[in-house]
Each structure stands twice: as structure tokens, then as C-alpha cells.
Amino acid sequence: MYLSDVTKGIEGKLIRDGEFQTLEYCTGRLEVPFLTFMGNPRFVDKMSPYVSCVLCSAQLADMLPESIAGVFICESPKENFQVIHNRLSRDEAYCLPVTPNKTGEGCVISERASIAGNNVEIGDRVIIEDHVTIYDHVKIGNDCVIRSGAVIGGKAFTFARTGDNRILGMEDLGQVVLGDRVEVFSLAHVAKGILPTDTTYIGDDVKIDALVQIGHGSVIRERTLIAEGAVIAGNVYIGEDSWVGVNAAVSNRIRIGGHARVSLGSVVTKDVADGQTVTGNFAIEHADFIRNLKDMMHLH
């Protein structure tokens, strides 16, 4: 695909043309040439070397590396990125392929569960209880349990405010992958990835309690436990053997290391290191939180 083709009808100026294979966020790990948008100068140095085309403001255009083949200047890069994505959602070459459903051996699937008519792969010995909803482009590993009322592959929450005061959403074209022995409890929601390259990934032996929200494109590594009511925003990474407590909230694009702990009710707005425990709103190192609490009690 060429930048000049996908930007037809979009208000802006093509500085130079370039070719790309798909769309991705500027810091994505995709290793093929892709189109992205740039709205903040702090991401310029973090940009993937595979970015081949960029939508950006005139001010940011001068900051881009010379290796960027295509540049399109516009006032609303994020909005136009979403417009292009939604246009391409009607192009089979851009979307994930359509495949028939597959169900492994020894599964127990309730007749009251709702499963999409295609693009669902279910492993062996999977239990799916009443009123579970499984959307398309979901892969479930072996020995998983999906409890009543859970939703796998539901709509992602991604919107942009437009210049004419509208709210623009994005079509969900990604997927959800659950590893082996994953358990998703009642009324939990695991959102689908948005771009075709986005995968919401739940690793082997992860346990997700009731009423938990897992945002689009998040990665939860092996043996992590997420307690009731926790909210994990989009594109979060949580390492292996970690713990997220009851009613904790993790902001988007946060990275939590392996063997880390997020205490109950914490609001996480900064990365958490391997083995670290954080507590509070906003969450800080647990020992610092306790020390601050004791100091406050002493003052009173």
C-alpha cells in the first residue's frame, strides 16, 4: 500500500510518498514496514525502525528520521490514522483471514454459550459455561475454563475526538489468544486487539477473577493472578508470576515486570520493576507508601 492512496480525500499535505504493509503504533514491535501516526515529540526517539510512513503535524515532520519514506502532514494525525484503519477494514488483504471454527476433543460447552460462526479455535478439554460470549478471532488453548457470563474478544474501547466535535471509534480487527490452563471467571471481559497485528494475549496458567477487564492488546504472561474487579487498560504488559490485587487499576501502556505485586485498590500510572510491590493511588513502592502513612499518622 502507498501513503498517497490511503490519504486520498483526507485534509492535509503529502510531503513525500512511501510504501507500507500495514498499520501499527509508532513504538510497536512489528518487523515489517508500517504506517503510523505521531502526535507527541517524546515518541520520536522511541519510534520503531520499521516505521516507513508517518501521519504528523508540520512541526513534528522536521524531527522525523531521514529513513522515513512517506510523510503526510495534517492537523489530526490520530484521527486520520483511525479513518484510514476503518477504511481498510473493508479490504480483505488488510484484515485477518476468515477460517472455520475448530473445537478439540473432550470439551464441555454449554448450549447457552454464544460462539461466533467462524475464526474461533478451541483446544482440548475446554469448559465453557452458560452465557459465555466468544467473538471471532479468538484462540483458546487446552484445559481452559471460561466461567458463566464471561466475554472473550469483545469490543475494545478506543476513540478519538475529531475537529468537528465528534467521537470516532475504530473497527476491531485483532485477536485474542488464551494459552493452556487459563481460567476466566464470571463476568470478566477480555477485549479484542484493534489493528490486525494486535493480539490480546493471556499466557499459560493465568487466572482472571470475576468482573476483571483486560484491555485490547494487553499481554499477561504465564501464571499471573488477577483478582476480582481489577481493570487492566489497553496495551499493558504484565510479566510472569505477578499478582494484581482486588479493584486495582493499571493505566494504558504500563509495563509491570515479572514476580511483581500490585496491592489491592492501587492505581498504577508508572512502570513497575521486576519483583517490585506497589501500593496506593497513585501507586508507589510499597515500603515508601507504608513509611509515608506512618509519618502522616505521627503528624496527627
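In the stretch 94-165, what GluC sites (Glu not before Pro) fall in a loop by DSSP, with at most 13 other Cβ atoms inside 10 Å?
105, 111
Figure the gain on full extension for residue 292 and residue 259 (residue separation times 0.36 nm, minus the Cα-Cα span) and round it to one decimal in nm.
Gain in length upon complete extension: 9.5 nm.
For a protection proxy built on the mean count of beta-carbon atoms within 10 angstrom, sort 164-174, 231-241 highest first, please.
231-241, 164-174
What value does the stretch 189-239 have for Rg/Rh, both radii from Cα atoms and Rh as Kirkwood defines it?
When Rh is taken as the Kirkwood radius, the ratio is 0.94.
At residue 103 and residue 64, where each label point lies 7 Å from the Cα along Cα→Cβ, what is the point-to-point distance in nanometres?
4.9
Mind listing which trypsin sites (Lys or Arg not before Pro) in the stretch 1-105 are in a DSSP loop and have 12 or fewer other Cβ atoms within 10 Å?
Within the stretch 1-105, the qualifying trypsin sites (Lys or Arg not before Pro) (loop, at most 12 other Cβ atoms within 10 Å) are 8, 29, 46, 90.
For the stretch 185-300, what % of the accessible area comes from carbon and sulfur atoms, probe 1.4 Å?
Accessible surface attributable to carbon and sulfur in the stretch 185-300 totals 56 percent.
Taking amide H positions as placed 1.01 Å from N in the peptide plane, with prolines and chain starts having none, which residues 5 or more places from residue 23, or on another chain, fall under 5 Å of its amide H?
Here the answer is 35, since their amide H atoms fall under 5 Å of that of residue 23.
Over the stretch 126-183, how many percent of alpha carbon pairs lie in each 10 Å bin up to the one with the longest distance?
Going from the shortest bin to the longest, the percentages are 22, 40, 21, 13, 5.
Which of the pairs 46/139; 102/155; 13/78; 13/192; 46/270 have their Cα atoms more than 26 Å apart in this structure?
Over 26 Å Cα-Cα: 46/139; 13/192.
So what is the relative contact order for the chain, in percent, with contacts set as C-alpha pairs under 8 Å and at least six apart?
8
Given just the C-alpha atoms of the chain, how large is their convex hull per residue in cubic angstrom?
Dividing the Cα hull volume of the chain by its residue count gives 153 Å³.
Which ³J(HN,Hα) values in Hz, rounded to whole numbers, follow from the phi angles of the stretch 168-176 under the Karplus curve 6.51 cos²θ - 1.76 cosθ + 1.60, where θ = phi - 60° and Gly and Pro get x?
3J(HN,Hα) across the stretch 168-176, in whole Hz: 10, x, 10, 5, 8, 10, x, 8, 10.
The values are calculated or read from the model by the stated rules, or taken from the named source; none is laboratory data. Just so it is clear, the structure is predicted and the values come from calculations on it, not from any experiment. Heads up, the Cβs are rebuilt from the backbone with ideal geometry, glycines too, and the neighbour counts pull from every protein chain shown. Please note that ligands, DNA and RNA were not included when accessible areas were found on the heavy atoms of the full protein model with its side chains. Shrake-Rupley method; radii C 1.70, N 1.55, O 1.52, S 1.80 Å.
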